[in-house]
Amino acid sequence: MTPNPTFKPTLILHGGAGAIHRSTLPPDLWKRYQASLLSYLRSTKHLLDNGARALDAAVHAVSLMEDDELFNCGRGSVFTTAGTIEMEASVMVTSVNGEDNISDSSETMKRGAGVIGIKNVRHPIQLAREVLIRSGQDENGDPLGDKSSGGSMHSQLAGPYVEGLAREWGLEFKPDEWFWTQQRWEEHRRGLGKRKGKMQGQVHGEMASDSELEPVLGYGFPSQGTVGCVCLDQWGDLAVATSTGGLTNKLPGRVGDTPTLGAGFWAEMWELDGNDADPVALLTRQHEGMQYLPQPGQRPYPRAGSKSIWGMTLADCWPDLPHFLRERLASETDVDFDTTRALLTKSFVDEKPKSLRSQKKRRAVAVSGTGNGDSFLRTAAARTACARVRFSERRVSLADAVTAVAGAHGELQRSAGRRWGKTGEGQGGIIGIEAEIDDSGAVGSSLRRGKVVFDFNCGGMFRAWAEEGVDGGDVEHVMVFKEPYK
């Protein structure tokens, strides 16, 4: 029996990030990107609104982009130095209701999967999905036999063997010519010339400029265009799907962040412990002098005794706190800590229904990255962002965590060191969704909403998402820069 919906479906797409600037993105090309992303956003949202599961919707969105020559994945993949195409893709799932409640029980055994060095499979993202769901075992670890032909508990599979499995599983194949595009071939040839010239320049003690390191034909910006989609469905499942052709003129056999768990993608759920949900415990920790170090771009919480501590700290975990304070602590003078704690304790015990005090709360996050994959690998960027949310001593939003990793002066940028701005290293962005729920599920007839987040540290990141407008309807957005394209 399908449970009642508890969430309003939420999704966000990305179509690549890097040294994208207004001068290299003419209006006609921008309109092509805008039309494609908006079409894929609407198509995927239609599926989610009509009951599709998060994993199916995310794979659908990325499959569409794999057929679109604009994006560096599938048919629009870039070439290696050897003139070949080697694609990568990944998927990962979780559920805010607990990972034992993900729609397909096989997914609970293996939450993420990536495929590497794929050639001729039309949709590498669909192959990644098959690797995820075909565990080869039941929930007790017993073999499933022919029911899951070729399935295993491996989270990463590469090359000809997994392509053979794709044939067994009935996935579509295309010849080399189908993946070849004139634009990517020109980038490849131009890149080989720059590589040779740069090596010659280094011999003579010269340094290449930023512009000399970027392709100037066609798109006019480096192809670091990993695509991805993050979805939250009606039942609280989250899924992330990511696909890429890799870096232009990468070495054959190179493995990037896209198929690597924790580097280019991640999804997880956890239960909040008592201290995360109890305002009295949180106030006590503040009073006892625990230090909360702010993340980049975040405001530090004030010390206990400051009046603003109520609005900034306790309100996060006690939504009706302002009303309580107005009624109980209306005095303009400071209230000593012991008296305040006693009032808070009495209110929390006496005024909160017992059913609410015993509820378990859960948070879930899912993210997908795009940009310079080697930098994502070195920083374990996707998992690092999620870990900031899960393991911080104080409550941290996914938006702030993503900014700390992928925003200006964040972890990705710092990983490039003195090479920042010279090689494309460290450039990139992250999209994601976070959701939270307790055992009560939805309140009344209203549906909970996930929170869409994103940030990037480079010229631009192609992205599309929908959010709730002031009238309650959805407002669609398609953007590439921080500000609207003009």
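The values are calculated or read from the model by the stated rules, or taken from the named source; none is laboratory data. All of these numbers come straight from a predicted model, not from anything done at the bench. Cβ: placed from backbone, ideal geometry, glycine included. Neighbour counts: every protein chain shown. Keep in mind that these areas ignore ligands, DNA and RNA; they rest on the heavy atoms of the full protein, side chains included. Shrake-Rupley method; radii C 1.70, N 1.55, O 1.52, S 1.80 Å.
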Filtered residue count, segment 23-49, keeping only those that are surrounded by 15 or more Cβ atoms within 10 Å (Cβ to Cβ), closer than 15 Å to residue 485 by Cα and of a type outside the set (Val, Ile, Thr): 6
Breaking point among (1) open to solvent by less than 40 Å² (accessible area, probe 1.4 Å); (2) modelled with pLDDT of 95 or more, for residue 424: (2)
Matching residues, segment 10-39, being modelled with pLDDT of 95 or more and in contact with an Asp or Glu (Cβ under 8 Å, 6 or more places away or on another chain): 36, 38
Of the criteria (1) under 22 Å from residue 11 (Cα atoms); (2) at pLDDT 95 or above; (3) open to solvent by 30 Å² or more (accessible area, probe 1.4 Å), which one residue 411 fails: (1)
Long-range neighbours under 7 Å by Cβ, at least six apart or interchain, first residue over 16 Å from residue 127 (Cα atoms) within segment 76-92, second among the acidic types (Asp, Glu): 76/68; 76/69; 78/187; 80/86
Filtered residue count, segment 467-486, keeping only those that are out of contact with any Phe, Trp or Tyr (no Cβ under 6 Å at 6 or more places or on another chain), open to solvent by less than 40 Å² (accessible area, probe 1.4 Å) and in contact (Cβ under 8 Å) with a residue 12 or more places away in the chain: 3
Per-region count, segment 378-394, residues under 14 Å from residue 451 (Cβ atoms) and surrounded by fewer than 21 Cβ atoms within 10 Å (Cβ to Cβ): 0
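Residues checked against (1) basic (Lys, Arg); (2) at negative phi; (3) surrounded by fewer than 21 Cβ atoms within 10 Å (Cβ to Cβ); (4) modelled with pLDDT of 95 or more:
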| site | (1), (2), (3), (4) |
| --- | --- |
| 100 | no, yes, yes, no |
| 104 | no, yes, yes, no |
| 115 | no, yes, no, yes |
| 127 | no, yes, no, yes |
| 132 | no, yes, no, no |
| 140 | no, yes, yes, no |
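With modelled with pLDDT under 95, within 19 Å of the chain's Cα centre (by Cα) and open to solvent by less than 10 Å² (accessible area, probe 1.4 Å) as the only criterion, which of 77, 90, 95 stands out?
Values: 77 fails: within 19 Å of the chain's Cα centre (by Cα); 90 fails: modelled with pLDDT under 95.
None of the others qualify; the one that does is 95.
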Among the residues listed as 368, 375, 397, the single one being under 14 Å from the mean Cα position of the chain (by Cα) and open to solvent by less than 30 Å² (accessible area, probe 1.4 Å): 368
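Counting just the residues of segment 400-440 that are β-branched (Val, Ile, Thr) and in contact with a strand residue (DSSP E or B) (Cβ under 7 Å, 6 or more places away or on another chain), which one comes out nearest to residue 96 (Cα to Cα)? Write out each step before concluding.
Residues of segment 400-440 that are β-branched (Val, Ile, Thr), as a first pass: 402-403, 405, 423, 430-431, 433, 437.
Add one more test, that the residue is in contact with a strand residue (DSSP E or B) (Cβ under 7 Å, 6 or more places away or on another chain), and what stays is 402-403, 405, 430-431, 433, 437.
Values: 402: 19, 403: 23, 405: 23, 430: 20, 431: 18, 433: 11, 437: 7 Å.
By that ranking, first place goes to 437.
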First in segment 248-259 and within 24 Å of residue 182 (Cα to Cα), second anywhere and assigned to a loop (DSSP other than H, G, I, E, B) and of a type in the set (A, V, I, L, M), Cβ under 7 Å, 6 or more apart: 248/78; 252/82
